[in-house]
1. Tell me, what % of the accessible area of the range 503-564 is carbon and sulfur with a 1.4 angstrom probe?
2. For the range 576-641, compute Rg over Rh where Rg is the Cα radius of gyration and Rh is the Kirkwood radius from the inverse mean 1/r over Cα pairs.
3. Where the only charges are on Cβ atoms (+1 Lys, Arg; -1 Asp, Glu), what is the dipole of the range 173-222 about its Cα centre, to the nearest 20 debye?
4. From the phi angles alone, apply the Karplus equation (6.51, -1.76, 1.60; θ = phi - 60°) to the range 638-643 and give each ³J(HN,Hα) in whole Hz, x where the residue is Gly or Pro.
5. Over the range 590-736, how many percent of alpha carbon pairs lie in each 10 Å bin up to the one with the longest distance?
6. Would you kindly derive the ³J(HN,Hα) couplings of the range 587-596 from the backbone phi angles with the Karplus curve 6.51 cos²θ - 1.76 cosθ + 1.60 (θ = phi - 60°), listing them in order in whole Hz, with x for Gly and Pro?
7. For the range 667-749, with all protein chains present and a 1.4 Å probe, just round the carbon and sulfur fraction of the accessible area to a whole percent.
8. Of the peptides 235-243, 761-769, how do they stack up when ordered by the mean number of other Cβ atoms within 10 Å, highest first?
Amino acid sequence: MFARILTPKDAIRDVTATWLDSVWQDLRYAVRTLLRRPAVAVAAIGMLALAIGITTAMFTVADALLLRPVPFREPDRLASIWMGNEHGGFTTVSPAVLRAWHDSPAFAAAESAVSDTSLIEVDGTVVARDIARVTPGVFDLLGGVRPIRGRLFNASDVRAGIDDRVLVSEDVWRTVYHADPALVGRTISIDREPLVVVGILPSSFRFPKWNTVIWRAVDVDVRGRLNAKERPRAYVRFAPDMPRTDALRVAMEAARAADAANTGLWPHVQPLAGLVLDPYYQRAVPVLAAGVVLVFFVLCANVTSLLLARMTTRRREFSMRSALGASRRRLIRQAFIESSVLAGTGVVVGLGIAAALISFSRAFLPGAILLRTLHPLNIDLRALAVTSLSGVVATLAAGLLPAWLGTAVNTDETLRVIDRGATETRATRAVTRTLIVGEIALACTLLVGATLLVRSFVNLVNTDRGLDAHDVIVATVTRPPSAARAIEEQLRALPGVQRVAWSYGLPPDGGSFSFGSWRSDVPGAPAVDLVVDRYDVGPDFFALYAIALLRGRTFQPSDPRGHVVIGERLARTLWPGLDPIGRSFTFEQEHFRVIGVVREIHLPTLDASLDRPELYEPFGGNSNYASMSVRCGGSCPDAARVRQRIVAASPGIQVEEVRPVEDAYFEQLAQPRAAAALGFAFAGIAILAAAGGLFSVLSFAVSRRRREFGIRMALGASARQIRQLVLRDGIIVALTGIGIGMAAAAAVARTLASFEYGVKITDPASWLLVIGVLGGTTIAASWRPARQAARVDPVVLLREE
């Protein structure tokens, strides 16, 4: 007989194998245990999956918008540059400035890209797609751009007499041209022009906007090809060997030398994309992230209370295992493995929930989110890492406490306890009640915030705009002035069209604005510093938009340029208590005479500084950029038909956009609408979780106190008294949570102040709504357990052994 001699390595291997076998046994036992009570397992998995899915979706959006740089080479050196001062400026520059920056040592490259909308004609059908008119070197400036077919632009694509080269996105290639392998080199029709496709870019490439799918090579010196005012938007790559401050100084000097209009202005730098462009999102994203964290821990707390209640029902099992020799460490491991199985399944389901939420975001928040990123909103490796981390955190947050408290048993005492009379331990009861109080407090905090956001959004939607934008579509065009009458005739001939009116600029975005000192003709009156929205409008503009005339008259075709119509706010500011009709005022070197006062129009916005006074001037067609508003009689013609009519009236015209005016207001409300929807969703999830937790805890307590209730009823307690006893328990827990939540909501009120419109944290209606919802939820969650307690038959219980 030979004895086996164990080496240290063999011993370690044997110990490891034994441990792995033990864990495998615990895992199998955990699955069997969970399958015996599938309702509890499904509820826990659902709540963990929801927590993980929301967290992953939030990270994916924030990652694309804030955390990840643009997907180009050395993104920190890329930027968009424009000239302005502390009051603002143009987001574009003149062609001369772009050329100067292209030759300046401040930048390694300077190129242009201008977004537009075009019509693609294929097999007799017309589809609208977003196009960018770019200088050929823009792809080299970005770096790392590779076509999947064909080539990129080169300098010869915009040589004299040639500007017909285009690149298309893989999406257009597949959806419009059905993945035609011969598309490269083929001539296609865009805006009724024959253009040659030289390459196909991958669908993941996004520039300058998320929805740009066609790129046309242009030269900044070719008039009318870039945008309405022939001022390109400049994109630059900073030179690596020059400090940023020195580069901006050199760029400023070059811009002033190339274009005298830049005197007194300086270059402003902004990233290519990201929420840093919008102060609203800078404030909203941290608040949204805090809401996600709160919902995450509310759901985890609910799972904790659910598992803790479940562990309490297994005290006899753990006591017997302990009596048979199982260590406390082994029991904790067993309980924690069960939680890990739930969390692991929750990760998989949560990933599906995250994918659904992200898909919903792409459809629901196109203007509010997608326009801010050049990254596709998809789940990638970074999101998967966050999903895994969320699963680990959820496992620890939801599983450790039940594993620790649930396995804390006294073998002698527990084995003597008859199961029907077993109750939760004092520590377990205190922890479960604390968890439910915390859930209700967090739900209350979220509900208060959601109520304020929803009421603010409702107030914004119902704000009196001062005009009627329903059934109005607008076509934004660049046009020769001589084509105005022909375009009007073409559009009036369309079925359903009632009125047409030309303008430069439209509400709610405004045309242009002027800031500085405005002085009325009142002797001794001081100058007033104002920012004023200015519109150039035709005679039919006010009637088309139903902007009420308060005094004087509106424009006639014979009115000179200096005659103006003003809004009532500007009238009150310049001539308080006086009739402004016939009076005059000045702004810098401009002189105006008031012929009419109209009702003030309002912009629904959280930023009061954007809702400015109005000044209307006669539309003279002096600019080659204009908007044609069309009032319809309930049924407006489609955008493609309007484009075709305009192009038919003036073949050389460029139609930038055709859309309902209501779309512009819809975009203005995108931010508060998204905030209200997300806040409401988070609050709803938290309330349902808190209600479910309260229901579970009370139901469990009733099941464990059946013998107590039987004795009470045997001693004379009525069913109503038993019912009130359970209801009182739930109401005390809820009131404690509501009180803490109200204090927390008041503490965070300052954070929400910038998101409120027409409502305050002290608004009694909001608090009554919150208290009513939480009170109703508490009663609904407590009612069934209370009825179950009242239906206990003391005779049956006392006869049980």
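The values are calculated or read from the model by the stated rules, or taken from the named source; none is laboratory data. Computed from a prediction, not measured in an experiment: that's the story for all the values here. As a convention, Cβ positions derive from the backbone with ideal geometry for all residues, glycine included, and neighbour counts pool all protein chains shown. When the accessible area is computed, the model is the full protein with side chains, heavy atoms only, and any ligands, DNA or RNA have been set aside. Shrake-Rupley method; radii C 1.70, N 1.55, O 1.52, S 1.80 Å.
1. 54
2. Details: Rg = 17.1 Å, Rh = 16.2 Å.
A ratio of 1.05.
3. The dipole of the range 173-222 has a size of about 260 debye.
4. 6, 4, 4, 5, 4, 4
5. Percent of pairs per bin, in order: 7, 18, 18, 14, 9, 10, 11, 8, 4, 1.
6. Per residue, the Karplus-derived 3J(HN,Hα) values read 9, 6, 9, 9, 10, 10, 10, 7, 10, x Hz.
7. On the way: 2370 of 3590 Å².
Ligands and nucleic acids excluded, carbon and sulfur give 66 percent.
8. Working: 235-243: 17.0, 761-769: 13.3.
The densest-packed peptide leads the list: 235-243, 761-769.
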